[in-house]
Each structure stands twice: as structure tokens, then as C-alpha cells.
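Here is the structure we will look at.
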Amino acid sequence: MTSTTTPPRITVVGTGYLGATHAVCMAKLGIEVLGVDVDDRKIAELAAGRVPFYEPGLAEELSTALESGRLRFTTDFDEAARFGDVHFVCVGTPQEQGSDAADLRYVDSAMTELASRIHKHALIVGKSTVPVGTAARLAQLVTEVAPQDAEVELAWNPEFLREGFAVDDTLHPDRLVFGVESEWAEHLLEDVFRPIIDAETPVIVADLATAELVKVAANSFLATKISYINAMAEVCEAAGADVDVLATALSHDGRIGGRFLKPGLGFGGGCLPKDIRAFRHRAAQLGVGQAVAFLEEVDAINQRRRSRTVELVRELAGEICAGCAWRLSAPRSSPTPTTCATRRRSTSRGCSTSRARRSRCTTPRPTRTRTAPTPTSSTSIRSARRRTRPRSSCCSPSGTSSGTPTRPSSATSWRSGGWSTPGTRSMPRPTGRRAGSTGPSVSRPWHPCTR
Ligand SMILES: NC(=O)c1ccc[n+]([C@@H]2O[C@H](COP(=O)([O-])OP(=O)(O)OC[C@H]3O[C@@H](n4cnc5c(N)ncnc54)[C@H](O)[C@@H]3O)[C@@H](O)[C@H]2O)c1
């Protein structure tokens, strides 16, 4: 159903990766938005139309939103409290120093700063990723600190966007999750997300705890899938099997699927590692640590991938350098030094020796000292070498010829300013956009947040 009512005015508190994207996209949907941050330099940058981090398409959308007059930025919490009917809190929740727990001081501070200045009926919506139980505590906090004449309620709306696809993921999410405690809060959130809901995006309404858990459960599942195939890579290497072929065969099983099932460098970014650790920490506090104890091994497999990848690159670079030396000594059939250097650049990126030695193709193969028992290196080198060549489409679970995720065009799918315009997509959702760890296994770290 399409609404023609005026949407609520919103603030976005914390204009980092998540918040800046959310603010811009909400303005694009026709909502009046005020972005708030404690970092005045960040606010000045955004207000000047500059995005202080790299996200494809966001700078263009930011300029359009600023020009529309629907998006402004401030560091003034009083102004924010007066302006907003709905306040989205998008501040960071990093890993605490010396602990696996999430550091919630920024969320606590943002909630307190805001709620203590509100003098009307308003909804504060947490979007940050937090341990289960945080929202219930914060609901009490905001009620306590809000002035007498205010009626402040808390809701939770976890975010699933992936860096690199943030604009498209925000405008066309797979689902919306509303953790609410009243119908009023639910309807207010429906009003904010009306164009997205009109595009038949599923909405899951839950209690606060479930909404918080959806996010960490999703990230844990994705991390587990990535580490699972990387664990299979370890076994394949020891057994002389080919993990790429194994992954392809698994991916044809509809129950398993091919996304996030490509062996590689593992997961990184600002979210998955900290989120699975915070989840384990919180589960232990709740007395159910064993239920998610497997996440410790998921983390360990992921850590091992990094050192193994560096080792693999060294092996590969060493072989290539040795190959070049041999070829240069054969006068007629050898490649020119240029050819050799070009080939080395495309295959040995990341080798600490390659840059310094680029001009000398006669570098002998370095002697390797293994500190731990390593499985047959020939298998890994064979695998790695195969990955540097173009792959046929039949090897790609995602159906793309290279297995590389299709980056959606930054072209917008929503008509801007069309609050009362029925939301129609101007382009189909790109296939393969959830291709997960597709792409060259050793050369491209990617961030499934999915962060
Ligand atoms: N980045 C992502 O792709 C992504 C995706 C989904 C969920 N998340 C979650 O969203 C949250 C934010 O992540 P991010 O990557 O945007 O972090 P970020 O570090 O890029 O941004 C956080 C922002 O909050 C601001 N801030 C800190 N304290 C504040 C306060 N008291 N008042 C106002 N602003 C304050 C900081 O100055 C900063 O600009 C985290 O919980 C993260 O796990 C992130």
C-alpha cells in the first residue's frame, strides 16, 4: 500500500560508514534527515559533499541529497532532539581492548546525549550491532534520562549492508527487521521505510532481543560458512584434493548453495571478527557459551588463512622468479624482460620481495623455512596457479565467468523525492550480488557485511 502522508523527520546519530549511508539513502527516499556526529571534521566534510571513506556511488548520492535540501549535518544534539521524530543511532561498537566484548560506551553516550534533550514523543532506533540484552538496558536508560515532558521509546532495527554495496543494500535490503515494543513504534518505522516496504521487501517484526540477535546470528552463520570451506581447503591440501572443484560440487546442492563458499583469504573488515567474538562473550555471560563455542574455531580457521595465504604467495612468487631466471637463460624462446615483469606483477602482488626485485628477473627462488608441518605444497601451488588464470563459467557457483561478484551499478533504483510515488525498481536486483566470497581466492579480501 502506498502512503501519501508526510514521512516522519529523522536524525541519524553517528555518521560513519553505516550512518552516512543511511542518512543519504533516507534523504533519497524523500525523508528530511539531519545527520549528527561528535566528530566536527567528519560533519564538515559531509556537509561539503565529501564522503570521508570509499563507497561506490555514495558521493554522488550525497551531493544530490544535499542539493535537494532534505539532508543536513550538525554536531548539535539540541537541534537533533528538536528536529527528529525518529532518531537512528548508528555509532560504532568496536571490540573492547583486552576483551572479546563489544565496547558499548559510544552507544550509551549517544543515547544519553540525545534522550536527555528530547521534549516530545519520539522514537530512538538502534542500528548499531550490539550484544543481546543491550536494547532492554538502553530502553530503561532513555526513559530515565528523558525530561518529564518527553515520551521516548526505544526500538532496534539491525543493518545488514555490505561495504562496497552499501547504497544498493540500503535501498533494496533483503529484509527489514523491526525490534519494537509497541504498535506505535512499528507503524512509525513502517512510515520511515514506506517506499522500501512498498517494493515488497519482507518485514520481520520482533521483540528487542530477537532483533538484536538476528544480526549477530546472521554474521555468525556467514563467518561459519566462510571458515567451513577454508577448513575444507586445509584438508584438501593435505589430501592432494582440489578445493575449488569440491566447492563447485557442493554449491550445486541447493541445500548448501554457493554463496560464501569459495576458499580464500577468509573474512575481515570491521564487523565479522568483532561480532562473532562479542557473540561468544555474551553467550558465555548468559550461561550458554557452549552453544556458540564453535565460533572460536571459526575464528581460528580464519586466522590460519592469513598466514597460509602469505606463505602461498611466497611459494608462488619464488617459483615464478625461478622460472623467469630459467627462461632468460634460454636465448630464443625466452620472454622479453618486460613480459616477465608484467607477468610477475599480475601474479605475485603482495610478495614482500617482488617490488624491490621487479627489475631483476633472475631472482633465485628463495629458500623457505617452515615453522610448522605443512601439507604438500605442490597441491597449493597448483591451485594458486590455476586461480591466476581466467576461469570458465562452469567453475563458478555464482554463474559468472570469473566468479567475481557483480558490483551493482550505482545508478539509483528509486526515483528521488518521490515519497508518495509508488516505489518501483528501475533496474532488476543484480544477479550474483550476494556472491559472497566469489573472486580470486588469494588476491581479493572482501567484506561480507555485511560487516
Ligand atoms: N560498516 C558497516 O558496513 C556496518 C554494517 C552493518 C552494521 N554495522 C554496525 O554499525 C555500527 C557503526 O559502524 P560503522 O562502520 O558505521 O562505524 P564508524 O566507526 O564508521 O562510525 C561511527 C561513527 O559514530 C560516531 N560517534 C561516536 N560516538 C558518538 C556519539 N556519542 N554521538 C554521535 N556520534 C558518535 C563516530 O564519530 C563515527 O563517525 C557498528 O555497530 C557496526 O557493527 C556496520
Over 28 Å (Cα to Cα) - which of Lys215/Lys262; Lys28/Lys274; Lys42/Lys127; Lys225/Lys274 fall in this group: Lys28/Lys274
- line: Mean Cβ-within-10 Å packing, highest first, puts peptides 194-200, 274-280, 48-54, 312-318 in the order 274-280, 312-318, 194-200, 48-54
Dimensionless Rg ratio for region 243-301, taking C-alpha atoms and the 2.2 N^0.38 Å reference: 1.39
Kirkwood Rh, angstrom, region 139-283 [1 / mean 1/r, Cα pairs]: 18.1 Å
task: Pop a pseudo-label 7 angstrom from the Cα along the beta-carbon direction at both Val245 and Gln148 and give the gap in nm to one decimal.
output: 7.8 nm
- request: Using a 10 Å cut-off on Cβ atoms, rank the peptides 240-250, 262-272 from the highest mean neighbour count down.
  value: 262-272, 240-250
query: For Arg50 and Thr210, FRET efficiency with R0 = 41 Å and r from the beta-carbon atoms, rounded to 0.05?
result: 0.60
- request: Compute the label zone of Leu286 within region 191-229: residues whose backbone N is under 17 Å from the point 7 Å along Cα-to-Cβ.
  value: 206-222
statement: At q = 0.08, 0.14, 0.16 Å⁻¹, the log10 of I(q)/I(0) for region 10-206 from a Debye sum over equal Cα scatterers comes to -0.24, -0.76, -1.02
- prompt: Extension gain Glu96-Glu234, at 0.36 nm per residue separation less the Cα-Cα distance, in nm?
  reply: 46.6 nm
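The numbers here are math on the coordinates, done by the rules we state, and not lab data. The structure presented is a predicted model; accordingly, all values stated were derived computationally and were not measured. As a convention, Cβ positions derive from the backbone with ideal geometry for all residues, glycine included, and neighbour counts pool all protein chains shown.
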